[in-house]
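K.L.:
Dumping the structure here so I can ask a few things about it.
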Amino acid sequence: MAANGCLYTHIFQRAKHKFTFFLWSCENTLKRWGLNGFMGPKRERGPMTEEENSWFWQDYWQQGQLACCLADDLRAGYDGVLADAWVDFFESLAGGTSILDICTGNGGAALLAAKAGHNSGRAFDILGADLAAIEPMAYVQAAPELMRAIRFEGGVDAAALPYEDAQFDAVISQFGIEYAGLLRAGPEAARVLKSGGRLRFVIHAAQGIAEAGAREELALVPTLGSAHLHDALRQALIAVDSLTHGHGTRPAADAAVEYFVGEMESLDARLKDHPNQATILTLGRRLLGLFESMETVPVPDILKKVDASERSVEAHLLRLESLAAAAANEGDIIAAIDALETAGMGAGFHALMDGADMLAWVIEGQKA
Ligand SMILES: C[S@@+](CC[C@H](N)C(=O)[O-])C[C@H]1O[C@@H](n2cnc3c(N)ncnc32)[C@H](O)[C@@H]1O
């Protein structure tokens, strides 16, 4: 296989130099928004099916993150203002309280509950449920002892909970219930709450920084327009592989490689001044790395990784789109409060701020 790469070492170097220059600027953006660093051309799609709504989250949670956004370290979980406000809430609950965390993901909020209970010498009975086929114990490395104290269930739709009426003392959600639909899932949460039970929902705000970040990145998608990076890489890999197996010609392989590198360079040129270029450049680096791996890795194996990269791009875009669609404005929150009150709750809301940044809406309530 070494012969493949050697033909094109000078091209690898040329393209690599381009994409390494900006990488230092990537990390903060990626951390801040909780993005994996993938981007690709937008595809037209209709409304999401339930299956679609799950696979791209499953893909994300299997990467082992505890948080999906607004945390300094996505693998370590939520921190800062978000976490502090949760701790205040959990400290107001008695030991033994049964807590249901809906749309739990890898259990970021459930873990905060377990930690708060542990730190104050009160154990809670915590269940984390999500529509996606979650398996936090298989993928999350952080806080194994506390994670073990939480039960998790996948395949649970927050808008049709498979639990009895009046089963839980508290129902919580962080950046989750709005995905299931506040008007359906809010009353469902109220239904499974005991009389006197408490709820707290932290909800993406249409004016908030996570939503703004998602929209900024989605706005980049048309910029990528003609940059069919994955296809260009596939063609280059196949052409070089054919050449080394005596099926293709050198000019054809050269043309395919030049096309791929040219696509990368033109992408670089178009994104130079864009503040949110980090994710694209990270994708560029990844694809160049795959290209370069021809020196040591059989092409069929690399092609599988190209497919996986493309799927991750798709998953990333779907997550951003679903965040932007789920984020609530004040009118949505007021409608949700009305629905909760109709379901027998007393409820109110406020904006959770971090300095001048709006992090989220918070709804808190208690069942009569
Ligand atoms: C942004 S993530 C938040 C996860 C977690 N609560 C956190 O704070 O990290 C949204 C989660 O909602 C889940 N979800 C989306 N629609 C759902 C539904 N109808 N019922 C239950 N979970 C749902 C997704 O699978 C995903 O795990």
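K.L.:
Please determine, by comparing only the residues of region 183-199 that are under 18 Å from ASP157 (Cα atoms) and among the basic types (Lys, Arg), which one is nearest to the ligand (Cβ to nearest atom).
P.N.:
Looking only at region 183-199, we keep the residues that are under 18 Å from ASP157 (Cα atoms), and these are 183-193, 199.
From what is left, the residues that are among the basic types (Lys, Arg) are 184, 191.
Details: ARG184: 9, ARG191: 15 Å.
Step by step, filter region 183-199, then rank; the result is ARG184.
K.L.:
Do we have PHE90 as under 14 Å from ARG200 (Cα atoms) and either within 13 Å of the ligand (Cβ to nearest atom) or assigned to a helix (DSSP H, G or I) (or both) here?
P.N.:
yes
K.L.:
Here is a further query. Within region 324-338, can you find the residues that are assigned to a helix (DSSP H, G or I) and open to solvent by 20 Å² or more (accessible area, probe 1.4 Å)?
P.N.:
Passing the criteria: ALA325, GLU330, GLY331, ASP332, ILE334, ALA335, ASP338.
K.L.:
Select the helices (runs of 4 or more DSSP H) contained entirely in region 167-261, then report the ones holding at least 3 residues which are over 22 Å from the mean Cα position of the chain (by Cα).
P.N.:
182-192, 229-244
The values are calculated or read from the model by the stated rules, or taken from the named source; none is laboratory data. None of the values given here were measured: they were computed from a predicted structure. No Cβ is skipped: glycine too gets one built from the backbone with ideal geometry, and neighbour counts run over all protein chains shown. We work out accessible area using only protein heavy atoms, side chains counted, and drop any ligands, DNA or RNA first. Shrake-Rupley method; radii C 1.70, N 1.55, O 1.52, S 1.80 Å.
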